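One structure is given here, and the rest of the page talks about it.
The values are calculated or read from the model by the stated rules, or taken from the named source; none is laboratory data. Keep in mind that what you see is a predicted model, and the values were worked out from it rather than measured. With ideal geometry, Cβ positions are generated from the backbone for all residues, glycine too; neighbour counts draw on all protein chains shown. Keep in mind that these areas ignore ligands, DNA and RNA; they rest on the heavy atoms of the full protein, side chains included. Shrake-Rupley method; radii C 1.70, N 1.55, O 1.52, S 1.80 Å.
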Amino acid sequence: MAETPGRVEAFSDGVFAIAITLLILEIRVPHGDHGLWSELVALWPSYVAFLLSFVVILIMWVNHHELLRMVGRVNYPFLFSNGLLLLTVTFLPFPTAVLAQNLATPQAEPATVFYCATMVLNALSWNVLFATIVNGGLLHRNVTPATVANVRRTYYVGVLVYTTAVALAFVKSALGLILNGVLCVVWIRLGYRSESVPSHSS
């Protein structure tokens, strides 16, 4: 299978766009029966959940784009491992909705654990995708071993940190969410964006 990743990226972009759009649908428009301002303020858990997941999906989209710049061709295992990643992305609006509805309630802990556990599955899917790319010999030839090692190490750390966030969420929900937010900085600083690779055409 000698195709370039262009079609895969176009399809994936559409999935990311749908997932990030679905997040806003979970913020319900208040009726104003008990005062519009107070009802808008009462929606703060929805704002927190929306903002966190929007930033997470946005960063995942950027990193997915940069990761595919490293790929010179695709094969069938790559298509399915990429699909696994997209599965976890499209699922994210659901735990976001659960978090938004329960963050200000006694059920905040299980809601946060559920959200953080979803991020663990997403982190694992990134590892599967990258392993498929490397083991399948799909990388551009000018991608250095140092870059491969950096990405692999960062993805491993991602799984460990998200797993830690799950454990912290059992103790205090805010701690799990804060650790999720801090990890966004790691993804933003992920080193493979400095890799110079040729652009692929769709």
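Here are a few things to note about the model shown:
- Expected 222 nm ellipticity per residue - DSSP helices of 4 or more, -39500 (n - 2.57), all of the chain, to 500: -24500 deg cm²/dmol
- Exposure ranking of ARG7, ARG69, ARG152 by accessible area [1.4 Å probe, largest first]: ARG7, ARG152, ARG69
- Residues whose amide H comes within less than 5 Å of that of LEU139, counting only those at least five positions distant or on another chain, are GLY72 (H built at 1.01 Å from N in the peptide plane).
- Relative contact order (%) - the chain, alpha-carbon pairs under 8 angstrom, separation at least six: 29 percent
- Only protein heavy atoms count here; on that basis, with a 1.4 Å probe, GLU26 has an accessible area of about 60 Å².
- The solvent-accessible area of ILE188, taken with every protein chain present and a 1.4 Å probe, is close to 90 Å².
- Per residue solvent-accessible surface (Å²) - the stretch 76-185, probe of 1.4 Å: 46 Å²
- The portion of the accessible surface of the chain made up by carbon and sulfur, rounded to a whole percent, is 69 (1.4 Å probe; DNA, RNA and ligands excluded).
- Placing HIS65, HIS140 in order of accessible area, with the largest value first and a 1.4 Å probe, yields HIS65, HIS140.
- Placing +1 on the Cβ of every Lys and Arg and -1 on the Cβ of every Asp and Glu, with nothing else charged, gives the chain a dipole about its Cα centre of roughly 640 debye.
- Rounded to the nearest 10 Å², the accessible area of ILE18 at probe 1.4 Å: 110 Å²
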